[in-house]
Each structure stands twice: as structure tokens, then as C-alpha cells.
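Trainee: Before anything else, here's the structure in question.
The values are calculated or read from the model by the stated rules, or taken from the named source; none is laboratory data. Just so it is clear, the model here is predicted, and its values are computed rather than measured. We place every Cβ from the backbone using ideal geometry, glycine too, and count neighbours over all the protein chains shown. Keep in mind that these areas ignore ligands, DNA and RNA; they rest on the heavy atoms of the full protein, side chains included. Shrake-Rupley method; radii C 1.70, N 1.55, O 1.52, S 1.80 Å.
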Amino acid sequence: DAVWKVTNIGTKTWEVGYLDLKYISGKKMQTVADIFDISKVVAPGEELKLVVDMKTPSTAGDYTAQWAVTMSGTVLCTLPVDIEVVNP
């Protein structure tokens, strides 16, 4: 799994229905979807834990992917995934 902790450091509340976790680029390792609705209101100063179920590639190597938290299509922050697969 990929797990990120994101803090709303802005002055506006992140509202349900406008906030998404979205796959942007890189190696697709997610097992379910490329975009997820975030169903939690996040007030300024609050932390949000995001988890995406992922599967390790079957070939040894270095892999990267970029995800983003978006609100109404605007990127609030990018979330990297960097892994090294050894002896799959």
C-alpha cells in the first residue's frame, strides 16, 4: 500500500464532493482505480491519511509514480511513490 499523511495548511476547509486523490503519472501499481473521492471534511490545520492499495511490480528495478490531492481540478499537492524491487 501507499500511505500518505497530508495536512491542510491553507485557510479554507477541504469539502467533501470537491476533493479527490488522483493518479497523475508513472508506473501504475494501484489495484483498484486511478481516482478516489475523499469523503472527509478537512479543516485548516487538520491531517488526512490517504491509503491506496498497490501491488509490487514483478520485475526488479526502480519504479516511481505521482499522485495528487486535487480540489475542483486544482492540484493542492503532489504525492510521490518511489520504490525499488529487489528479487521479486
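Trainee: Hey, could you check the stretch 51-88 for residues that are among the polar types (S, T, N, Q) and not in a strand (DSSP E or B) and say which is farthest from A2 (Cα to Cα)?
Mentor: S72
Trainee: Which residues, counting only those in the stretch 1-51, are farther than 23 Å from D82 by Cβ and under 13 Å from the mean Cα position of the chain (by Cα)?
Mentor: Listed by number, the residues that qualify are L19, D37.
Trainee: Would you please name the residue that is least open to solvent (accessible area, probe 1.4 Å), looking only at residues in the stretch 1-31 that are in contact (Cβ under 8 Å) with a residue 60 or more places away in the chain, within 17 Å of Q66 (Cα to Cα) and not small (G, A, S)?
Mentor: So, considering only residues that are in contact (Cβ under 8 Å) with a residue 60 or more places away in the chain, within 17 Å of Q66 (Cα to Cα) and not small (G, A, S), the one least open to solvent (accessible area, probe 1.4 Å) is V6.
Trainee: Continuing with this model, one more query. Scan the stretch 24-39 residue by residue and report those that are in contact with a Phe, Trp or Tyr (Cβ under 9 Å, 6 or more places away or on another chain) and of a type in the set (D, E, K, R).
Mentor: Matches in the stretch 24-39: K27, D34.
Trainee: What are the residues in the stretch 32-50 that are in a loop (DSSP other than H, G, I, E, B) and either open to solvent by 70 Å² or more (accessible area, probe 1.4 Å) or among the aliphatic types (A, V, I, L, M) (or both), if any? First the steps, then the outcome.
Mentor: Pass one, the stretch 32-50, residues in a loop (DSSP other than H, G, I, E, B): 32-34, 38-41, 43-46.
V32, A33, I38, S39, K40, V41, A43, E46 - these are the residues of the stretch 32-50 that are in a loop (DSSP other than H, G, I, E, B) and either open to solvent by 70 Å² or more (accessible area, probe 1.4 Å) or among the aliphatic types (A, V, I, L, M) (or both).
Trainee: Filter the stretch 51-63 down to residues that are open to solvent by 80 Å² or more (accessible area, probe 1.4 Å) and hydroxyl-bearing (S, T, Y) and give me whichever is farthest from L19 (Cα to Cα).
Mentor: T59
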